[in-house]
Each structure stands twice: as C-alpha cells, then as structure tokens.
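Trainee: This is the structure I want to talk about, given as structure tokens.
We did not get these values from a lab; they are worked out from the coordinates using the rules stated. Note that this is a predicted model, so its numbers are computed, not measured. Note that each Cβ is placed from the backbone with ideal geometry, even for glycine, and that neighbours are counted across all protein chains shown.
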Amino acid sequence: MPEQSKYPVPKGMLACYEAIVDLTDAFCRAHLNDEYAGLCRKLTAKLSRKRPSPLMRGRPTSWAGAVLYTIGRVNFLFDKSQTPHLAAKQLCKSVGVSQNTASGKSTEIMRLLKIVPFEPEWTRPSKIDENPMAWMISVDGFILDARSAPREIQEEALRMGLIPYLPDE
C-alpha cells in the first residue's frame, strides 16, 4: 500500500493515485532507490490534487512512466555519469510505455507544474547539496549563494523556506 498519509490525495483520486504509485514503487525497488520512489509518490499526489487532474485521462501505466521520466529528468537519471543511471529507452521499456508517451506526458507535467531541471523541490535529498538552485537567494536585488551569506541571512532564508537547511549544521 502506498505511503498515503505523507502526501494528501483527494478521496476521489485515491484509486488512481494508488494504481500509479504501485507501479512507480515497484519500478524504483527494482531499478532505482527509495529517494526516487518518494519523489514519485509526491509528484503523483500533487498531480492528483490538480483540478481537473490530468491523471484521469490515460492509463496508469502511461502516467507511471511519465512520473518516473519527469523525476529522472530533474535528477539527470539519463546521464551516464550519475548513480543510479538508467537510459530513457530502458526506463520506458521496463515500465511498458513508449518513449514518446513517457516523454510527452512528462513534458505536460513539467509545463503544468512549472518544473525545470535542478528544481529543488524535485531533487533527490542526497543530491540537494550539489544543486546550485537550492541555495540561490535574492538579497537587495542581488542573487547569491546562501551558503556564502552571513548567518543571519541564512537563518532568515531558512525561515522563509528559501533554502533546505542551515549550512554547516
């Protein structure tokens, strides 16, 4: 049973959510890791809360492939220098969807939720330190890396939810 309590899902979308997450969880257990599984659950829940939810159109397998493809894109899963690494073609074949379907629906997800590469919200927790976008803040109109800012600015950025945690802790 998917991790329901952590990510709220509308009652009418629960069966759809569970069908997709069952597929992404199984795929992540076999080919990726728990970080990917958690991000897939979170993304599927977020899509289930959209009105109208795009998940109501299409097969759960297609959406599972698209969710995996989206999280893979943000985390550079298709880059051979990354660990874990998986080719897009292999991901799609393993899920049972065409690459065109997964890529197309992934593009739809990214556009709908305004997701871009390096998006901190969708970055694996173990890679957040390496994500420059997670640390960029604007102070008096200047963009800077919060890790090099004075402590009081870091604390305010954390309080405002602009950075994931206080550096050096």
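Trainee: As I understand it, the dipole of the chain uses +1 on the Cβ of Lys and Arg and -1 on the Cβ of Asp and Glu, about the Cα centre. Which of W122, A134, Q90 lies farthest toward its positive end?
Mentor: Result: Q90, furthest along the dipole toward the positive end.
Trainee: Can you tally the net charge around P132? Count Lys and Arg as +1, Asp and Glu as -1, for every other residue whose Cβ sits under 11 Å from the Cβ of P132. Don't skip to the end; give the middle numbers.
Mentor: Working: positive: R147; negative: D129, E130, D145.
Computed value for this residue: -2.
Trainee: Using Cα atoms only, what is the angle between the long axis of helix 99-113 and the major principal axis of the chain, expressed in degrees (0 to 90) to the nearest 10?
Mentor: Between helix and principal axis, roughly 40 degrees.
Trainee: Which whole-Hz couplings ³J(HN,Hα) result when phi for each residue of segment 51-58 is put into the Karplus expression 6.51 cos²θ - 1.76 cosθ + 1.60, θ = phi - 60°, listed in order with x for Gly and Pro?
Mentor: 10, x, 6, x, 5, 6, 9, x
Trainee: Output the relative contact order of the chain, whole-number percent, from Cα pairs under 8 angstrom with separation of 6+ residues.
Mentor: Reported as a whole number, the value is 16 percent.
Trainee: Treat every Asp and Glu Cβ in the chain as -1 and every Lys and Arg Cβ as +1, leave all other atoms uncharged, and give the resulting dipole magnitude about the Cα centre to the nearest 20 debye.
Mentor: Here the size comes out at about 1080 debye.
Trainee: Once amide H atoms are built 1.01 Å from N in the peptide plane, which residues 5 or more positions from A149, or in another chain, come under 5 Å H to H?
Mentor: So A149 has HN proximity to no qualifying residue.
Trainee: Sticking with this one: With angles folded into 0 to 90 degrees, how steeply does helix 34-49 sit against the dominant principal axis of the chain? Use alpha carbons for both and round to 10.
Mentor: 80
Trainee: Starting from the Cα gyration tensor of the chain, take the square roots of the eigenvalues, sort them a ≥ b ≥ c, and report rounded, prolate or oblate (rounded when a/c is under 1.5, otherwise prolate if a/b is larger than b/c, else oblate).
Mentor: Working: a/c = 2.13, a/b = 1.66, b/c = 1.28.
Note, shape of the chain comes out prolate.
Trainee: I'd like the Karplus ³J(HN,Hα) series for segment 65-76: coefficients 6.51, -1.76, 1.60, θ = phi - 60°, whole numbers in Hz, and an x wherever there's a Gly or Pro.
Mentor: Calculated HN-Hα couplings, in order: x, 5, 5, 4, 4, 5, 5, x, 4, 4, 9, 6 Hz.
Trainee: Also: So, R0 is 22 Å and r is the distance between the beta-carbons of E155 and Q82; what FRET efficiency does that work out to, to 0.05?
Mentor: Working: r = 32 Å, r/R0 = 1.47.
The calculated FRET efficiency here is 0.10.
Trainee: Just V139, V95, V21 to compare: in a GNM of the chain, with alpha carbon springs under 10 Å, which one fluctuates most?
Mentor: Comparing V139, V95, V21 in a Gaussian network model of the chain, the most mobile one is V139.
Trainee: Looking at A146, S53, A37, which one has the Cα that reaches farthest to the positive end of the dipole of segment 4-146 (charges on Cβ: Lys, Arg +1; Asp, Glu -1)?
Mentor: Projecting each Cα onto the dipole axis, the largest value belongs to S53.
Trainee: Another question, if that's okay. Quick one: Karplus J couplings for segment 79-85, per residue in order, coefficients 6.51, -1.76, 1.60, θ = phi - 60°, nearest Hz, x for Gly and Pro?
Mentor: Once rounded to whole Hz, the list reads 8, 4, 7, 8, 10, x, 10.
Trainee: Run lengths n ≥ 4 of DSSP H only: what is the helix-derived mean residue ellipticity at 222 nm for the chain, with -39500 (n - 2.57) per run over all residues, to the nearest 500?
Mentor: Values: 6 runs with 81 residues, N = 169.
Here the helix-only value at 222 nm equals -15500 deg cm²/dmol.
Trainee: How much length would be gained if the chain were fully extended between M56 and Y165, taking 0.36 nm per residue of separation minus their Cα-Cα distance, in nm to one decimal?
Mentor: Gain on extension, M56 to Y165, equals 35.6 nm.
Trainee: Pick from S62, S138, S103: which is most flexible by mean-square fluctuation in a GNM of the chain where alpha carbon atoms under 10 Å apart are linked?
Mentor: Between S62, S138, S103, it is S138 that shows the largest mean-square fluctuation.
Trainee: Helix 14-31 versus the longest principal axis of the chain: what is the Cα-based angle in degrees, 0 to 90, to the nearest 10?
Mentor: 80
Trainee: Another question, then. Once you put a point 7 Å from the Cα of H31 and another 7 Å from the Cα of T107, both along the Cβ direction, what distance in nm separates them?
Mentor: In this crude spin-label approximation the distance works out to 2.1 nm.
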